[in-house]
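J.: The structure under discussion is supplied below as structure tokens; questions concerning it will follow.
The values are calculated or read from the model by the stated rules, or taken from the named source; none is laboratory data. Predicted model, so just to flag it, every value in this text is computed and none were measured. All Cβ positions, glycine included, derive from the backbone under ideal geometry; neighbour counts span all protein chains shown.
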Amino acid sequence: MRRSTLELEVFAGQEKSELSMIEVARAILESRGRDHEMYFSDLVNEIQNYLGKSNSEIREFLPLFYTELNVDGSFIPLGDNKWGLRSWYAIDEVDEEIIALEETDEDEVPKKRKKKRVNAFMDGDEDAIDYNADDPEDEDVYEADPALSYDEENPDDEKNEVEAYDAEINEISPDDLDEEVELSEEDEDEEEPDEDEE
């Protein structure tokens, strides 16, 4: 176990055993300054050296520390598993960095991977039939049928619809329009409940 050569003034007079890893991480980053963000592994090593904890003790608390680092609003991930303090960056600056990352991601075309399927009910028997392997609903790639697609830029589609509508209207003969349609009224007795039934 290595002893720390790092001394943090904020914790002067306090027992190191009473300090949390997240408090020490914040103090370490504050002492280093803005342009000295740290990789997660380096930060953990600094914390371990400062607190004088063994590898097994650090490994035990590592999941909790990583969760706290993500949840605590004073830390910010900077990509490539580097961490800094949120107070180092103005809100606009953080937004610009995020937008820049999104733009570079859009430029890259992701490679399509074939999913490897695992069936938990098959015990390695190569002769067994995997009925899930040919399920068409599981396919990620769908070929668009050009006959089913509607192209907004194609005026012929709209023209064909109007012509079909006009043809249906012309099928109605003018004689049918002059006929009177009789509407039957329902008896009032059916609509209103009898007072005797209540």
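J.: Looking at the stretch 31-43, which of its residues are assigned to a helix (DSSP H, G or I) and modelled with pLDDT under 90? Don't jump to the end; show me each part of the working.
T.: At the first step, the residues of the stretch 31-43 found to be assigned to a helix (DSSP H, G or I) are 31-32, 40-43.
Within the stretch 31-43, SER31, ARG32 meet the criteria.
So that you can scan it fast, the table gives a plain yes or no per residue for (1) among the basic types (Lys, Arg); (2) surrounded by 13 or more Cβ atoms within 10 Å (Cβ to Cβ); (3) assigned to a helix (DSSP H, G or I):
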site	(1), (2), (3)
ASN45	no, yes, yes
TYR50	no, yes, yes
LYS53	yes, yes, no
ILE58	no, yes, yes
LEU62	no, yes, yes
PHE65	no, yes, yes
GLU68	no, yes, yes
GLY79	no, no, no
TRP83	no, yes, no
